Structures are given as structure tokens and as C-alpha cells.
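The structure that follows is given in the form of C-alpha cells.
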Amino acid sequence: MRTRFAPSPTGALHFGSVRTALFAWLAARHTHGQFILRIEDTDQERYIPGSEALIIETLRWLRLEWDEGPEVGGQFGPYQQSLRTDTYRAHAESLVASAHAYWCTCTPERLGAMREEQRARSQPTRYDRRCLRRQEEVAAERAAGMAAVVRLRMPDGRTEWEDVIRGALVFDNTEIDDQVLLKSDGFPTYHLAVVVDDHLMEITDVIRADEWIPSTPKHLAVYAGLGWRPPRFAHVPAVLSPDQHKLSKRRGARNVLEYGELGYLPEAIVNAMALLGWSSGTEQEVFTPAELCEVFTLERVHPAPAVFDPRRLDDLNGLHIRRMDADALVDALEFHLPGTSKDVRRALIPMLQERITTLVDAEHLAAPLFNRPEPDPNVPFPPRNVDLATARRMLDACIDAVEHGGLDGTEAVLSRLKAEAEAAGAKPRDAFRVLYVAVLGAPSGVPLDQAMVFLGKEESLTRLHAARTRLSVITG
Ligand code: GLU
């Protein structure tokens, strides 16, 4: 199997478009085939500089490696359509020669007026084939230097194909316009370039967004006109946002690379994307990319639109973090815990790995370990449900335990504090909040004993004493 991802460089990639790339990549990997990246940059008007680099960076970050394409090359290159315009022109001319396409010199003004009229008569707006009926005149006009386009002559009858995801699809050809294939500036439209490239690059399975379904009859007519066997088509359902709108650049869908900055792991994103419209047929939800390659098939992609649930991504991200080996997590946290050494991050792993949903959470959780927290007026102290006497008693006991027993055996410290809480008639859970606020500035956080070991005896005592002083000045 040879599949491709063929983005247009019109901006960054969002979840929906990368999900299409992922399905094409998985289908190829599942069959030990090839995955090709092709940049469809023939529409100069929609081109946004820098997007090609963003596309490449996004796919690389997600580790969706391509076997052929920009930067890696391949025997069917170049893989940027703007470098292949001669090929498209030659194929447009050959379609004209075999009468599957024709030259058209209608001006934009005439086409505009024609559409106006069609609209006024409540007819569908479609090219009226004026030039098809006057090909000799058109030839003379072209010879005299008039601008001309090549249009597909949409054949009569019906177009049918068996879509891998959607099943049998049928279109009445009378409903389909004679598509412009070659523009007057000599550049192809998408409809010509996509067919020529998919054929010449020996793509066996065209996997793309289902918004292209209405274009597929045009493409099949081009295949037929050129005498080529068409590939299989798999039209992937749209991805909807939680409010049921289609994810799109226009609606501000997030650039996938931003998820990295927000602390999501590429493997969690790949996992979440795979589950948008695909299911393994088992209970399993957490998949590594390698596991996905093993089980993924297009036949198990559901044709209905899939809703992207950010909470599911959060859950999967947390689960992938728990599964990571410590060294990988130490490396992944480098960006989110700037300025920390590997050793420091390694020491933090036991405190963080079970507790964070995203890598950014590590930054918040670890912050009080690096900077002594200032008393926060929004954090009640003593905490709710703990009276002043109990709070003082807990701090005194903790200071005493750390001062005399040190932090080598934190078990002993913890059990002494628990006994102290019980003796004071408080729930240990509540009473411990006093110590959390004292050491970490908040009533919860990483485990208290591990935090104190990380901070060391001296710093722990400094914080405990400062908190004790705060309580001494309270009367009551
Ligand atoms: N360049 C088209 C796009 O960005 C590709 C569609 C296709 O895969 O055929 O949507």
C-alpha cells in the first residue's frame, strides 16, 4: 500500500488535518507500505509563507515519518507541486487531444454574468459549455493571444465508486460542473494536479477528508480520460469540536504544535487522534504508536463525524505519562522545568509521575520546591477544619521530629505526625494540611515527606518555623 498526505501550505496543521495524515500513515505502516508527503502549493493566492516548515515540524514532532517527500526525496519527486507544473500542462494537453477536456476563453465577466442569470432563474451555477460548441473559434482566439483555461468535459451518465469508509457512492454527472483543470496562467488546479500526482507517484489508496467527496467524480473522469486505473478512495469523516462545529482554521482550531507547549505528549495526541472515528473493536483505549500500526485498518473507521473531547486527551495524556520510563520523562520535562539539571528532574520523577496530567502541571507542582512560597492571603491558615491549637501542635511535632530524627526515615516522622493528629482529635487528612501549607504554600501538592527530603532538613525547618511564627501571632 502507498498512501500520501497532501497538505496545502495554507497555515499550521490543526487536529482534523493531522488526524487525516495519521490515518494515512497508520494504513501504510500497518501493511508495511510507504507513506508519502506531498506539498500541494499550486494555489498562489492561498499560500501562507512558512506553512511548509510548520507542516514538516508538526509531522516530525508526532513522529509520523514519511518515506518519500520533502527533505527525504524519493524516486517520484519532486514532491512539491509548484516544481511539477510542466507535467500537469502536458497532461492537460493530452486530455484536450483526446477530447476529454477543452479550451475555454470565456472571460471572468462573462462567467459572472452567466452565473447571475442562472441564479436569477434558480438554476445551479454551472459552466454552460459555450466554448465546447465553438472550438475552432476558441483556437483562433488563443492564437491571437486571448487568455484560456482547460476545462474537463464531464462525461454523461453516472459516477460510482466503492469508498473504503463510506461504502458505495453514486453521483449523477449532470450535477457536476466542467471543472477548470489548467488555469490561464499555466498553473493546474488542485483537481488536475492531485490526479496526475497520485497516479505518477503510484498511490494505491487516497485517504483524505470527506469534504472532497463531491470532487471525486471529477477526479475519476480525469483518470478515465487519461486511461489510468484509479486508486482506492477512503474519505475520512470530519472532526467536530465539543460544540459540534467542524474543526477548521477559520474557527480558530488550535495549531497542533501548541499542544506540545501545553504539555501534551506526541504519543498521547496520536492515541487521541486515532480514536477519533476509529476503534479497535476491543476495550483497549491506550495505544502506543507501534500498537496502533499493528491493529489499525481503514475498514474500522466509522463514517460518522467524530467529536474531539479535550478531556479524553487529558486522560490519555496522564495515562501515557504514567507509562513512560523515567529517563524519557526526565527528557520530556526539560522544556517545562527550565534550568533544572537531569539529576534534579530525576529526583522529582517519583513525586510527579503519578500526579500530572500534562507536563505543564509539573511546573506548577514543582514550583514550591524551587522557590520558598510567600504566604498567600487566599490560602486560609490554619486551614479549614483545623483549629489553632491543633495547627500549632502539628507544626511543633513536625519541627521536633525533623530536628531530632532528621529526614532519613520519613516513615517514622509520618507515623509520629499521624499519632499527633489523632491525639489532638483531628482527622490526619485535615491536620496534615497545616504542614502542606507550611512547606509547600498550599493545602495539597506533592507528598509532604518526599518534598521535605528534596528540600533538605535545613530548608524544611526554615519553612516550618516561619509557619509556626505566623501562628504564634494569631490570638484565639
Ligand atoms: N491539498 C488538499 C488539501 O489540503 C489535499 C486533498 C487530498 O488529499 O486530495 O486538502
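Provide the solvent-accessible area of HIS404, counting protein heavy atoms only and rolling a 1.4 Å probe, rounded to the nearest 10 Å².
Number for this one is 140 Å².
Still on this structure, please answer the following. Non-local amide H neighbours of ARG2 (under 5 Å, H modeled in plane, Pro and chain starts lacking H): which ones?
Amide H neighbours of ARG2: GLN34, THR204, ASP205.
Keeping all protein chains in place and using 1.4 angstrom, which order do LEU111, LEU417 fall into by accessible surface area, from largest down?
Working: LEU111 25, LEU417 0 Å².
From most accessible down to least: LEU111, LEU417.
Next up: What is the pair-distance distribution P(r) of the chain, computed from all Cα-Cα distances in 10 Å bins starting at 0, with each bin given as a whole percent?
Result, from short to long distances: 4, 16, 20, 17, 13, 10, 8, 6, 4, 1, 0 percent.
Angle, helix 15-30 long axis vs. longest principal axis of the chain, Cα atoms, 0 to 90°, nearest 10?
Once rounded, the angle reads 80 degrees.
Continuing with this model, one more query. Report the gain in length on full extension from ARG232 to ARG129: 0.36 nm times residue separation, minus Cα-Cα distance, nm rounded to one decimal. Write down the numbers at each step before the final one.
On the way: separation 103, 0.36 × 103 = 37.08 nm, distance 3.06 nm.
My answer for the length gained is 34.0 nm.
Test of the criteria: in region 220-306, which GluC sites (Glu not before Pro) are in a DSSP loop and have at most 12 other Cβ atoms within 10 angstrom of their Cβ? Provide the component values of the computation, followed by the final result.
On the way: sites: GLU258, GLU261, GLU267, GLU283, GLU285, GLU291, GLU294, GLU299; in loops: GLU283, GLU285.
Filter output for region 220-306: GLU283.
Between 0 and 90 degrees, rounded to the nearest ten: what's the tilt of helix 428-440 against the longest Cα principal axis of the chain?
80 degrees
Straight-line reach from LYS418: which lysines have Cα under 26 Å away, leaving out those fewer than 8 places along the same chain?
LYS427, LYS457
Quick check: from the Cα gyration tensor, does region 241-307 come out rounded (a/c under 1.5), prolate or oblate?
oblate
Could you derive backbone 3J(HN,Hα) for region 384-397 from the dihedral phi with the Karplus parameters 6.51, -1.76 and 1.60 (θ = phi - 60°), listing whole Hz in sequence and x where the residue is Gly or Pro?
3, 6, 10, 7, 4, 5, 5, 4, 4, 4, 5, 5, 4, 5
On the accessible surface of region 17-111, probed at 1.4 Å, how many percent belong to carbon and sulfur atoms?
Details: 2130 of 4200 Å².
Carbon-and-sulfur percentage of accessible area, whole number: 51.
Tell me the mean residue ellipticity at 222 nm calculated for the chain from its helices only (DSSP H runs of n ≥ 4, each -39500 (n - 2.57), averaged over every residue, nearest 500).
On the way: 19 runs with 218 residues, N = 476.
That comes out to -14000 deg cm²/dmol.
Per residue and in Å³, how big is the convex hull formed by the alpha-carbon atoms of region 1-81? Don't skip to the end; give the middle numbers.
Values: hull volume 6.8 nm³, N = 81.
With only Cα atoms used, region 1-81 gives 83 Å³ per residue.
Further, regarding this structure: Determine the per residue accessible area of the chain with all protein chains present and a 1.4 angstrom probe, expressed in square angstrom. All intermediate terms of the calculation are to be shown ahead of the outcome.
Values: 22640 Å² over 476 residues.
Each residue of the chain exposes 48 Å² on average to a 1.4 Å probe.
Let me ask something additional. Among LEU455, SER444, ALA426, pick out the residue whose Cα is farthest towards the positive end of the charge dipole of region 416-476, where Lys and Arg carry +1 and Asp and Glu carry -1 on C-beta, about the Cα centre.
About the Cα centre, the residue reaching furthest to the positive side is ALA426.
How would CYS104, CYS293 rank on accessible area, largest to smallest, probe 1.4 Å? Please list the in-between numbers first.
On the way: CYS104 5, CYS293 25 Å².
Final ranking, largest accessible area leading: CYS293, CYS104.
Which of the lysines could a cross-linker span from LYS218 if the Cα-Cα distance has to be under 24 Å and same-chain partners fewer than 8 positions apart are dropped?
The qualifying lysines are LYS183.
Between GLN75 and GLU403, what is the label-point separation in nm under the 7 Å Cα-to-beta-carbon projection?
Using points 7 Å along Cα→Cβ, the separation is 8.0 nm.
List the relative contact order of the chain as a percent without decimals, with contacts defined as Cα pairs under 8 Å and 6+ residues apart.
Working: 705 pairs, mean separation 62.8, N = 476.
Computed value for the chain: 13 percent relative contact order.
The values are calculated or read from the model by the stated rules, or taken from the named source; none is laboratory data. Everything numeric here is computed off the predicted structure, so don't read it as measured data. When we count neighbours, we look across all protein chains shown, and the Cβ atoms used for this are built from the backbone with ideal geometry, even at glycine. Protein only, heavy atoms only, side chains kept; ligands, DNA and RNA dropped before computing areas. Shrake-Rupley method; radii C 1.70, N 1.55, O 1.52, S 1.80 Å.
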